[in-house]
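Here is the structure we will look at, set down as structure tokens.
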Amino acid sequence: MTTAPVSPVSVPEKLLLAVVGLGLLLLLPVAFDGDAARAQQCFFAALGLLSAGTLGWSWWKFGRGPTGVHHNNLWLRGSTGRGALAWLTAVVLTGFYVVLYWFSNDNGQGNFGPLNQLIHALDPVSQALRRRPADQWFLYGTFYTLAVLLMGGRALWKYRHSPYQRIRTASVMFFQLGFAFLLPGLLLAFQRPEYYFSYFWPLKYDYLFPGTVSYLLKDGGPALGVFMVFWGAVMSFVATPVLTYFFGKRWYCSWVCGCGGLAETAGDPYRHLSDKSRAAWRWEVRLIYPILGFIVLVTALLWLGSAGVLPGWFTTPQQSGLPLVGGLSPVDGLSKVYGFFIGSIFSGVIGVGFYPLMGSRVWCRFGCPMAAYLGLLQKHFSRFRISTNGGQCISCGNCSNVCEMGIDVKQYAQRGEPIVRASCVGCGLCSTACPRGVLNLENGPREGRMQSSQLISADSLRILG
Amino acid sequence: MHLVIIGNGITGVTCALTARRLQPAARITLVADESPHHISRPALMYVYLGHLRPQDIKPYDDWFWAENRLELVHATATTFDAQARTVTLSTGAALSYDKLLLATGSRSRSGQWPGRELAGVQGFVTLPDLEQMTRDTHSIGQAVVVGGGLIGIELAEMLAAKGVGVTMLIRDAHYWGSVLPPEEAALVQRQLAAHHIAVRYGTELAALLPDTQGRVRAVQTTTGEELPAQWVGLAIGVEPNTELAQTAGLEVARGILVDEQLKTSAPHVYAAGDCAQHRQPAPGEVAVEQLWYTGRQQGETVAYTLCGQPRPYRRGVWFNSAKFFDLEYQTYGRVPARPDPAEHSFCWQHPNGRHLLRLNFRRDTLAVTGLNVLGLRHRHEAWHAWLQAGTPAPQVLAELGAANFDPEFFRQYEADIVAAFNRQFPQHPVALRRRKGLFGR
């Protein structure tokens with residue numbers, strides 16, 4: 001079939017995109033400029049151009065004119081339709097993560113490798129916030145927060161007709177800026193442990209590891225350290241089930257979580273790229289629950305080991321000669337393997353690097369143990385469901401298209417069935433994008449939660465296998 | 001039993017799915033020439049807009065058909081012999097059947113204007129129509145859309161999104177004059193204006209003018225205006241595809257004539273959906289129904305009859321929906337375009353021109369008879385129950401929150417609506433008892 005015509009890009013839009021591109025290009029000389037002062041000026045000029053360009057372009061494209069869902073040309077443009085620009089973006093993002101994770105460690109003399117100049121350019125900011133020089137994680141946190149804020153601005157303009165989307169977007173921006181950037185920085189400034197109050201076990205898996213708990217209790221001081229440990233445990237084991245019971249997993253995944261926050265803002269242009277096939281769903285189930293099992297096992301073994309109830313072999317360092325875990329005890333080795341493959345490669349490199357090719361929720365959908373835990377609660381112990389509106393569905397597929405979690409929403413809507421799926425993060429875009437007002441996120445009573453509409457005859461055929 | 005269904009639109013597919021459920025052992029074959037697999041025709045516009053890819057508008061994945069033993073034949077059924085019970089295909093093959101369903105759907109009405117055959121002039125209903133439009137609208141500057149209905153406004157939205165200047169020619173004095181009351185049409189006009197669509201009301205097409213290559217260059221209107229257009233969309237309605245039925249000698253009027261069980265004049269041959277014409281439509285109902293929803297309902301009904309559980313087609317409480325650019329529309333029950341003297345028609349509008357609710361109810365019993373909402377989402381189940389029971393309007397308004405299907409945090413207008421009702425009908429005072437809550441449904 002011939003490709004539909006693509007609307008021309010207007011001159012002001014091209015100019016604004018050029019500003020964004022210039023900002024990105026300016027980051028290159030920063031990395032390689034020998035003059036630290038000039039590199040720093042260049043760095044802030046780059047951030048200024050990036051910010052002004054992104055916000056200006058977002059306003060130009062989404063902030064003017066009639067409000068509504070206008071996904072025009074989404075699949076027709078290379079940048080959002082897996083074209084050359086998308087591949088380039090993916091390679092750059094993935095490359096950045098590889099350098100950040102494995103080639104940016106301090107060499108002991110304050111040199112952070114290829115990112116060194118970028119990191120030191122942030123020293124004044126880091127000094128102001130954290131009263132210490134910047135490191136690679138501060139650079140990452142700054143970029144991450146900036147991405148959430150700038151692309152959050154885009155999302156606010158794009159979905160400005162929907163109060164649900166406005167409030168939800170403001171929420172992820174708030175939690176990223178306040179709880180995942182400013183507060184951890186301030187804690188460091190006050191010589192306290194850098195603690196993220198918006199991340200919980202098992203996503204932030206080490207927060208309930210015995211090593212972290214004893215460190216928090218020691219370094220956090222008598223009151224704050226106890227509070228941090230208490231907060232982590234209560235959020236994981238009390239608040240999570242209770243809030244999920246009332247609101248579904250969305251209270252976390254698309255309102256609070258930083259990974260979700262990035263997906264909902266910077267990842268919004270890529271949300272439709274998630275694979276909706278039955279095969280993808282099978283991979284999801286095959287991966288995410290074993291990963292949850294893995295981290296539960298590692299956590300349990302660490303506690304049992306520290307309590308001294310495991311046979312000594314488990315906690316004795318072994319000279320196995322294996323890569324990555326050589327010289328570690330089996331329990332520590334498992335923890336290391338989890339951190340390397342799941343914590344770094346999956347959540348970072350694949351999770352964000354592959355945004356432009358596989359959509360914005362690869363990590364959340366296939367890898368995140370917190371999402372798995374929340375999903376089990378959502379499916380079996382929650383009031384949350386997405387209701388479908390009687391017989392109004394026309395099977396157009398817009399709902400499935402915008403589902404970043406790869407749920408084939410229309411399979412439910414066209415049968416009049418409420419959508420109760422472990423993976424649904426409740427972003428609400430299916431409801432926002434539905435042209436016939438068919439979908440609605442509801443927290444109604446559990447009674448009748450799975451009840452199909454009587455106004456459409458739900459075929460009892462096996463659809464989802 | 002071998003059930004052969006001609007047509008893989010919503011009617012044919014719903015019949016196939018229902019028949020599979022009722023008769024797990026039956027052999028079911030779908031014959032269609034438009035596309036190898038079932039597609040959602042209302043979604044064609046989203047492929048053009050680039051919201052979706054062609055494969056995204058298949059309601060079921062390709063594996064679905066084989067797993068449910070639904071045989072798909074991608075060919076044209078050229079004729080059938082009702083005595084021998086065989087269908088002849090364009091491939092030369094013949095299919096024998098026990099029961100035959102004609103679900104051949106409809107096509108654009110083409111009109112008789114001079115220049116109708118020019119390149120760049122077409123209707124928009126089918127997948128081939130989309131392909132043609134996709135080919136013919138590259139690098140055009142202006143287009144004209146003829147017709148003020150649902151397809152007309154879809155075409156306007158599609159073209160405008162590609163930067164094409166669009167003029168709509170609308171015969172009536174306002175948009176969709178046969179269906180919408182003037183207040184609703186005025187809100188749609190606001191959308192048209194906001195999206196820079198030029199509209200000529202009370203104007204029809206007179207002629208299509210060619211360029212030297214046999215492409216359309218401009219249109220002439222009945223008001224004598226000449227509008228340049230490199231592409232013209234004809235959206236003046238659809239007409240049933242009846243060739244196959246006619247070739248086989250069935251009784252055909254506008255559509256294929258069927259009784260209330262959707263039986264045609266030939267034994268073991270049925271027709272449903274857009275292509276069928278009811279010999280005796282129920283009072284107030286039309287003989288030829290051409291909607292996604294009625295196609296689905298007819299397909300389901302005929303499946304019962306085909307599977308030996310005959311039942312008459314009853315449409316039940318009417319409903320429909322559409323979206324005019326950014327304005328969503330839902331309707332439940334009956335809201336005629338012109339007021340019915342036996343009914344009150346209460347209409348509330350938000351001053352911002354983006355929300356409207358019209359409630360019709362009987363003057364004698366106050367029973368609700370129909371609802372139009374624009375820019376508000378309402379719950380189908382709630383209205384189905386109220387309309388079926390003939391619930392009095394004041395009671396419905398007091399409970400109006402139960403029908404609110406807008407997403408969380410959306411402004412709730414029930415109090416404004418009830419206040420407006422109390423001003424207009426002080427003799428039927430209403431106190432709002434039910435608002436939409438965070439934990440209700």
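A short reminder: the numbers here are calculations on the coordinates, not readings from a lab. If you're wondering where the values come from, they're calculated on a predicted model, not measured in any experiment. No Cβ is skipped: glycine too gets one built from the backbone with ideal geometry, and neighbour counts run over all protein chains shown.
A few remarks follow.
- Per-residue Cβ neighbour rank within 10 angstrom, fewest leading, B:46, B:413: B:413, B:46
- For region A:362-403, chymotrypsin sites (Phe, Trp or Tyr not before Pro) meeting the loop criterion (DSSP other than H, G, I, E, B) and having at most 14 other Cβ atoms within 10 Å: A:381.
- Charge context of residue B:97, other residues only, Cβ under 11 angstrom, K/R +1, D/E -1: +1
- Percent antiparallel among DSSP beta bridges (both partners in region B:121-236, rounded to 5): 35 percent
- DSSP-assigned coil residues among trypsin sites (Lys or Arg not before Pro) in region A:82-178, each with at most 13 further Cβ atoms within 10 Å: A:131
- The relative contact order of region B:121-236 comes to 34 percent, based on Cα pairs under 8 Å that sit 6 or more residues apart.
- Prolate/oblate/rounded label for chain B (Cα gyration tensor, a/c 1.5): oblate
- Proximity of backbone amide H atoms, modeled 1.01 Å from N, is registered between residue B:218 and B:209, B:229 at under 5 Å, excluding neighbours fewer than 5 places apart on the same chain.
- Each residue of region B:69-86 is assigned a 3J(HN,Hα), and the resulting list reads 6, 9, 7, 10, 10, 8, 6, 8, 7, 8, 7, 8, 10, 6, 7, 7, 6, 9 Hz, derived from the Karplus form 6.51 cos²θ - 1.76 cosθ + 1.60 (θ = phi - 60°), x at Gly and Pro.
- Alpha-carbon centroid distance for the pair region B:98-153 / region A:394-411, whole angstrom: 27 Å
- DSSP bridge orientation in the protein assembly as shown - percent antiparallel, rounded to nearest 5: 60 percent
- Cα centroid separation, region B:371-423 to region A:1-80 (Å): 44 Å
- Inter-chain Cβ neighbour average for residues A:359-371, partner chain, 10 Å: 0
- Based on DSSP H segments of at least four residues, each scored -39500 (n - 2.57), chain B has a per-residue ellipticity at 222 nm of -7000 deg cm²/dmol.
- Sites residue B:109 and residue B:364 - FRET efficiency at Förster radius 41 Å, r taken between beta-carbons, to 0.05: 0.55
- Two-site FRET efficiency, residue A:218 against residue A:35, from Cβ-Cβ distance with R₀ of 60 Å, rounded to 0.05: 0.90
- Euclidean distance of C-alpha centroids, region A:176-203 and region B:231-300, integer Å: 66 Å
- Residue-averaged beta-carbon neighbours from other chains (10 angstrom radius) around B:194-204: 1
- In region B:1-106, the trypsin sites (Lys or Arg not before Pro) that fall in loop regions by DSSP, at most 15 other Cβ within 10 Å: B:69
- In terms of its C-alpha gyration tensor, region B:319-424 comes out rounded, because the ratio a/c of the largest to the smallest axis stays below 1.5.
- The overall shape of chain A is oblate: from the C-alpha gyration tensor, with semi-axes ordered a ≥ b ≥ c, the ratio a/c is 1.5 or greater and a/b is no larger than b/c.
- On full extension, the segment bounded by residue A:239 and residue A:87 gains 50.7 nm, given 0.36 nm per residue less the C-alpha separation.
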